[in-house]
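Working notes for the structure below.
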Amino acid sequence: MANLGESILQVDNLVKHFPITRGILFKKKVGAVKAVDGVSFELHKGETLGIVGESGCGKSTLAKLLMRLEHPTAGRATLHGKDIFKMSGSELRRLRRNVQMVMQDPYTSLNPRMTVGDIIGEPFEIHPEVAPRGDRERKVQELLELVGLSPEHINRYPHQFSGGQRQRIGIARALALKPEVIVCDEPVSALDVSIQAQVVNLLESLQNELQLSYIFIAHDLSVVRHISDRVGVMYLGKIVEIGTEDEIYNRPTHPYTQALLSAVPVPDPMAREHREIIRLEGDVPSPADPPSGCRFRTRCWKAQEKCALEEPLLIRRAVEPHPSACHFAELRHVVA
Amino acid sequence: MTDIHVETERVQGHHLLEVKDLFVEFHTRDGVARVINGVSYHLDPGETLAVLGESGSGKSVTAQAIMGILDMPPAKIPKGQILYNGEDLLKMPEDKRRDIRGQQISMIFQDALSALNPVFSVGWQISETLRTRMGMSKADAMKRAVELMDQVKIPAAKARLKDYPHQFSGGMRQRVMIAMSLAMDPKVLIADEPTTALDVTVQAQIMDLLADLRRDLNMGMILITHDLGVVADVADRIAVMYAGRIIEHADVRALYKQPAHPYTKGLLESIPRLDDKGTVLKTIKGLPPNLMRLPTGCKYHPRCPYTQPICVSDEPRSLNLGNGRTSACHFAKEMLSGELG
Ligand SMILES: Nc1ncnc2c1ncn2[C@@H]1O[C@H](COP(=O)(O)OP(=O)(O)OP(=O)(O)O)[C@@H](O)[C@H]1O
Ligand SMILES: Nc1ncnc2c1ncn2[C@@H]1O[C@H](COP(=O)(O)OP(=O)(O)OP(=O)(O)O)[C@@H](O)[C@H]1O
Ligand SMILES: [Mg+2]
Ligand SMILES: [Mg+2]
């Protein structure tokens, strides 16, 4: 996207630590899992911000914070200038309508005792102003069709659907209230590529039509590239690099981003032997006990003494105008 | 080790695992859903068969039939065989099948969270199999559980033994599932979307681990996945499913080079590219088939760009194209030669 719309969501130094307790009767706090540890970014109207990163780096926790499903340890997030963690009453109701989420787990996030029609129609019960009662069944059927499910399945239960079908039920539900922001946590990971393409096209056309903003969390870097205007790369609770889709994919400067891009499997069996994958050495550190200085240094081939002593900030580096949290930020082309 | 674990040499003429003309249907309130309609595939030791296909086409249900974990009813298997070293699992006495299932065939489930028990710690769940099936002591089983968790790259595994599934991220839960399925050194591993929640670097490590096991234990793997990049990387052969049938089967290189079925072609064309942002993604038009009311003739004909009258009237049989390659399309030869498409 050439020019960014107005900034609607600001996330400022958001932190979420989960206490680690031991003992059965008297729980004693012995440490904390630093799931999200100082994350800041902005989301603009009509924009898609992709979030990628190591499994366990805090992406879902970040999403849950923005949905107010978790309470932050520190930091702020404001929607249209209002702190979402301080909202109550009608403001909170509006937040619950305007910010929707597609959950990572299509199995456990759907109530097994409700029919698909009830699941998708439930938001209308809570926000009756969106669709008058008589209109609901038709709306639910429209939504089913929109995500490529047969409207005749309205009376089925979640367990009667396959993994990918359940994922689309979650998407239909998130779209029901025509929200302003949708946080998508792995929304297409269980779909075959054709249906995935349909859902991605659908999300994009809805975005154009309704000026929706998306936070799009996914491990599939090709899909993220396709849908995102900007991309943030996370590692152990922090954003290590952020920029436009073009900057991250064509001009990455952080070693973790480079390693990640190099490891994307190529859909061509002839390429098997010729790919140059940057293999990361060592184990993923525990978020309860992250390394000093740069958190990536224990697996980085460029690490030096400075990296252990000084935490690199997410700032513009000499080589490139987009922010990168590496003392030795350097351009390297990894996407063929 | 218990005494049932006999080294299973491949008997002449038998595959390690063979699904033969399998049918599965679900009897629901609104009617009968014919979900699997004559599926056949086989697996030999040390190889990887990728099962691709449309969401809802029956990949997981076939796997569940192999594992014997379909709820019957509502499911019914009106026809078919599932041969393990030549013996039909569907006809075996329940206790014998349970032993094979527990020790020699194991499965990584698509839904990691619901396959884990929320009220038991992760360490307990991994070690439980080792204790009950292999008769390990509690301490040994826990030690092995930590090893397995390390193997699948769960950070600080030992410190997390006592944690519960909800305290793990999506990808960690998936790795716990993988660790559990590897606990018994299986001969056949059915991996149903094993890496959807993993980032590509961890995914590469897990795939390397599975490749090592295939080599070291001569394990055969059925890899069910939508990730055509992973398939290109690790598979030997591919079976493509649509509406409960195998519509194409081929060697991995041959299939990517020139698909012999229009559905496969549509699938390959829908892959987003890493090296190009692209504009609108290509898709296969139309809705997936309704399994309660399947179309006449070729089940793909309402969505196929090449449909001819014969496709509406006659169901194509699986056509043998040589080199183990088959396609269930009336125009398979034309697809293959590039005359069509
Ligand atoms: N309720 C909880 N209690 C304790 N720790 C938690 C809890 N929820 C998450 N964590 C921990 O926080 C870290 C981040 O988890 P999160 O689910 O946000 O990761 P993620 O980036 O979404 O990973 P994935 O890509 O695997 O889904 C992990 O180490 C996880 O174990
Ligand atoms: N209990 C059930 N009752 C009725 N239909 C069912 C039941 N379980 C599964 N099905 C149907 O069987 C079909 C095949 O499901 P299956 O889970 O095998 O699909 P899949 O190929 O694994 O798809 P995905 O890639 O989305 O996981 C689906 O259309 C599903 O709706
Ligand atoms: Mg997650
Ligand atoms: Mg499945």
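The values are calculated or read from the model by the stated rules, or taken from the named source; none is laboratory data. Just so it is clear, the structure is predicted and the values come from calculations on it, not from any experiment. Using ideal geometry, Cβ is built from the backbone for each residue, glycine included, and neighbour counts are taken over all protein chains shown. Areas reflect the complete protein model, heavy atoms only, side chains present, ligands, DNA and RNA absent. Shrake-Rupley method; radii C 1.70, N 1.55, O 1.52, S 1.80 Å.
Tabulated values for the structure
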{"item": "Residue that is nearest to ligand 2 (Cβ to nearest atom), among those in the stretch A:147-191 that are more than 30 Å from B:VAL200 (Cβ to Cβ) and assigned to a helix (DSSP H, G or I)", "result": "A:GLN160"}
{"item": "Count of residues meeting criterion [at pLDDT 90 or above and closer than 18 Å to B:GLN205 by Cα] in the stretch A:265-304", "result": "5"}
{"item": "Residues of the stretch B:39-58 satisfying the condition of being touching an Asp or Glu at 6+ places or on another chain (Cβ under 6 Å) and more than 14 Å from ligand 4 (Cβ to nearest atom)", "result": "B:SER40, B:HIS42, B:GLU47, B:THR48"}
{"item": "Enumeration of residues in the stretch A:281-297 that are within 16 Å of ligand 1 (Cβ to nearest atom) and either touching a helix residue (DSSP H, G or I) at 6+ places or on another chain (Cβ under 8 Å) or open to solvent by 50 Å² or more (accessible area, probe 1.4 Å) (or both)", "result": "A:ASP283, A:VAL284, A:PRO285, A:SER286, A:ALA288, A:ASP289, A:PRO291, A:PHE296"}
{"item": "The stretch B:183-199, residues that are open to solvent by 10 Å² or more (accessible area, probe 1.4 Å) and away from ligand 2 (no atom under 16 Å from the Cβ)", "result": "B:MET184, B:ASP185, B:LYS187"}
{"item": "Residues within the stretch A:10-29 that are in contact with a His (Cβ under 9 Å, 6 or more places away or on another chain) and either within 16 Å of ligand 4 (Cβ to nearest atom) or outside any strand (DSSP E or B) (or both), tallied", "result": "0"}
{"item": "Residue that is open to solvent by 20 Å² or more (accessible area, probe 1.4 Å) and within 16 Å of ligand 3 (Cβ to nearest atom), where the choices are A:MET114, A:MET103", "result": "A:MET103"}
{"item": "Any chance A:VAL183 is away from chain B (no Cβ under 11 Å) and at pLDDT 90 or above", "result": "yes"}
{"item": "Odd one out for A:VAL224 among (1) more than 16 Å from ligand 1 (Cβ to nearest atom); (2) more than 20 Å from B:GLN205 (Cα to Cα)", "result": "(1)"}
{"item": "Verdict on B:LEU223 being more than 16 Å from ligand 1 (Cβ to nearest atom), open to solvent by less than 10 Å² (accessible area, probe 1.4 Å) and aliphatic (A, V, I, L, M)", "result": "yes"}
{"item": "Residues that are more than 10 Å from every other protein chain (Cβ to nearest Cβ) and open to solvent by less than 50 Å² (accessible area, probe 1.4 Å), drawn from the stretch B:128-164", "result": "B:THR129, B:LEU130, B:MET134, B:ALA141, B:ALA145, B:VAL146, B:LEU148, B:MET149, B:VAL152, B:LEU161"}
{"item": "Criterion violated by B:ILE77 - all others in (1) open to solvent by less than 10 Å² (accessible area, probe 1.4 Å); (2) within 16 Å of ligand 2 (Cβ to nearest atom) satisfied", "result": "(1)"}
{"item": "Residues satisfying the stated conditions in the stretch A:260-280, i.e. surrounded by fewer than 14 Cβ atoms within 10 Å (Cβ to Cβ) and either away from chain B (no Cβ under 13 Å) or of a type in the set (A, V, I, L, M, F, W, C) (or both)", "result": "A:MET270"}
{"item": "Among residues of the stretch A:225-247, those that are more than 9 Å from every other protein chain (Cβ to nearest Cβ), more than 15 Å from the chain's Cα centre (by Cα) and over 14 Å from A:LEU314 (Cα atoms), counted", "result": "2"}
{"item": "Unique residue being open to solvent by less than 10 Å² (accessible area, probe 1.4 Å) and among the polar types (S, T, N, Q) when the list is B:GLN174, B:GLN167", "result": "B:GLN174"}
{"item": "Test result for B:VAL146, away from ligand 2 (no atom under 16 Å from the Cβ), closer than 16 Å to B:PHE109 by Cα and of a type in the set (Val, Ile, Thr)", "result": "no"}
{"item": "Test: residue in the stretch A:111-129 that is within 16 Å of ligand 4 (Cβ to nearest atom), touching a helix residue (DSSP H, G or I) at 6+ places or on another chain (Cβ under 9 Å) and either closer than 25 Å to B:THR225 by Cα or within 14 Å of chain B (Cβ to nearest Cβ) (or both)", "result": "no"}
{"item": "Filter result for A:SER109 (touching a Leu at 6+ places or on another chain (Cβ under 7 Å), open to solvent by 10 Å² or more (accessible area, probe 1.4 Å) and under 30 Å from B:ILE284 (Cβ atoms))", "result": "no"}
{"item": "Leading residue by the ranking (nearest to the other protein chains (Cβ to nearest Cβ)) among those in the stretch B:35-63 that are closer than 14 Å to A:GLN160 by Cβ and open to solvent by 10 Å² or more (accessible area, probe 1.4 Å)", "result": "B:GLY56"}
{"item": "Residue among B:PRO78, B:PRO45 that alone is modelled with pLDDT of 90 or more and within 30 Å of B:ASP140 (Cα to Cα)", "result": "B:PRO45"}
{"item": "Filter pass, A:VAL33 being away from ligand 4 (no atom under 16 Å from the Cβ), of a type outside the set (Phe, Trp, Tyr) and in contact with a Gly (Cβ under 6 Å, 6 or more places away or on another chain)", "result": "no"}
{"item": "Members of the stretch A:164-180 that are away from ligand 3 (no atom under 16 Å from the Cβ), within 11 Å of chain B (Cβ to nearest Cβ) and either open to solvent by less than 10 Å² (accessible area, probe 1.4 Å) or under 22 Å from B:LEU274 (Cβ atoms) (or both)", "result": "A:GLY164, A:ARG168"}
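For (1) surrounded by 24 or more Cβ atoms within 10 Å (Cβ to Cβ); (2) part of a strand (DSSP E or B), each residue gets a yes or a no:
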{"residue": "A:GLY31", "(1), (2)": "no, yes"}
{"residue": "A:GLY38", "(1), (2)": "no, yes"}
{"residue": "A:PHE41", "(1), (2)": "no, yes"}
{"residue": "A:GLY46", "(1), (2)": "no, no"}
{"residue": "A:VAL52", "(1), (2)": "yes, yes"}
{"residue": "A:SER60", "(1), (2)": "yes, no"}
{"residue": "A:ALA63", "(1), (2)": "no, no"}
{"residue": "A:GLU70", "(1), (2)": "no, no"}
{"residue": "A:GLY75", "(1), (2)": "no, yes"}
